[in-house]
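K.L.:
This is the structure I want to talk about, given as structure tokens.
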Amino acid sequence: MTYSELQNNNENRIILQLAGNFYRAYGDNAKILSLLTGYKLLSSKEYGCRCGFPANGNGKTKVIEILKEKQIGFVFYNGETQGESYEGKPENYINAIKAWEESGAKIQEAEKPTPKIPVANKEDKQKVAIVSSSGISLEDALAQLKSKIETLINEKNLTIDNMVLLNNPEATSISSLIIYR
């Protein structure tokens, strides 16, 4: 189901859909979420705007508490599987949209995504650091970064216990760095 279909099946409730590691709301739902939580409201080609928060941590609990306090209905989705939900009062949803319109809040331009580098597995994906700059190779950029880290470590009288470099055809990065006093 698309986000629009989910919304049509849950009128006057905020749809929070899991997208990767974030719960996201779109359109009017995003405006309400941003207004009530202070989370960034970013532009979205398909829905006009979007707002989200990390799926891990206490973000979900915070959002649920705020929406229940304001008696605004919501439904969490993981794909097409419905999770936690709350009916709320439809008029509170409508009033929250009006409050956003009256607030003068603006939609921020979303940053252009960083180009993705294909990696072998999830663990490698977490290790990849993208260095983008003109006229310098990834290897040279990494060497400069390593040198700067070592200089800072020495200035602070710290010790590098382990610095592992990850080199593959697609990327060069520091995959682990252990520093201790």
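We did not get these values from a lab; they are worked out from the coordinates using the rules stated. Everything numeric in this text was worked out from a predicted model, so none of it was measured. Virtual Cβ from ideal backbone geometry, glycine too; neighbours counted across all protein chains shown.
K.L.:
What is the distance, in nm, between label points placed 7 Å from the Cα along the Cα-to-Cβ direction at residue 145 and at residue 4?
P.N.:
That separation, rounded to one decimal, is 4.1 nm.
K.L.:
May I ask you to evaluate 6.51 cos²θ - 1.76 cosθ + 1.60, the Karplus curve with θ = phi - 60°, for each residue of region 5-20 and list the ³J(HN,Hα) values in order in whole Hz, giving x for glycine and proline?
P.N.:
Those phi angles translate into 5, 4, 5, 4, 7, 9, 4, 6, 9, 7, 9, 10, 9, 6, 10, x Hz.
K.L.:
Whole-Hz ³J(HN,Hα) for each residue in region 38-48, computed from phi via Karplus 6.51 cos²θ - 1.76 cosθ + 1.60 with θ = phi - 60°, x for glycine and proline: what do you get?
P.N.:
So the Karplus estimates, Gly and Pro as x, are x, 5, 4, 10, 10, 5, 9, 4, 6, 10, x Hz.
K.L.:
Then there's this: Would you mind checking which residues have amide H under 5 Å from residue 22's amide H? H placed 1.01 Å from N; only 5 or more apart, or other chain.
P.N.:
55
K.L.:
Then there is this: For residue 41, what residues show an amide H to amide H distance below 5 Å, using hydrogens built from the backbone and excluding near sequence neighbours?
P.N.:
108
K.L.:
Now for a different question. To the nearest 20 debye, what charge dipole does region 21-102 have about its Cα centre, counting +1 at the Cβ of each Lys and Arg and -1 at the Cβ of each Asp and Glu?
P.N.:
I would put it at about 260 debye.
K.L.:
Still on this structure: Considering only C-alpha atoms, what is the centroid distance from region 70-115 to region 1-57, in Å?
P.N.:
Cα centroid to Cα centroid, the span is 5 Å.
K.L.:
What is the diffusion coefficient of region 3-119 in µm²/s, taking the Kirkwood radius over Cα pairs and the Stokes-Einstein relation at 10 °C with a viscosity of 1.306 mPa s?
P.N.:
The estimated diffusion coefficient comes to 109 µm²/s.
K.L.:
Are there GluC sites (Glu not before Pro) in region 1-95 that DSSP marks as loop and that have at most 10 other Cβ atoms within 10 Å, and which are they?
P.N.:
In loop regions of region 1-95 (DSSP not H, G, I, E or B), the sparsely surrounded GluC sites (Glu not before Pro) are 11, 46, 80.
K.L.:
Same structure again: Suppose each label sits 7 Å from its Cα in the direction of the beta carbon; what would the residue 101-residue 56 distance come out to in nanometres?
P.N.:
Label at residue 101, label at residue 56, 4.0 nm between them.
K.L.:
While we're on this one: Amide H to amide H, which residues 5 or more places from residue 72 or on other chains are under 5 Å from it, using H placed in the peptide plane?
P.N.:
Placed amide hydrogens put 89 under 5 Å from residue 72.
K.L.:
Karplus couplings for region 96-111 from phi (6.51 cos²θ - 1.76 cosθ + 1.60, θ = phi - 60°), rounded to Hz, Gly and Pro as x?
P.N.:
5, 5, 4, 4, 5, 4, 7, 6, x, 5, 10, 8, 7, 5, 6, 5
K.L.:
Okay, next question. In region 13-93, which trypsin sites (Lys or Arg not before Pro) fall in coil by DSSP and have 10 or fewer other Cβ atoms within 10 Å?
P.N.:
Qualifying residues, ordered by number: 45.
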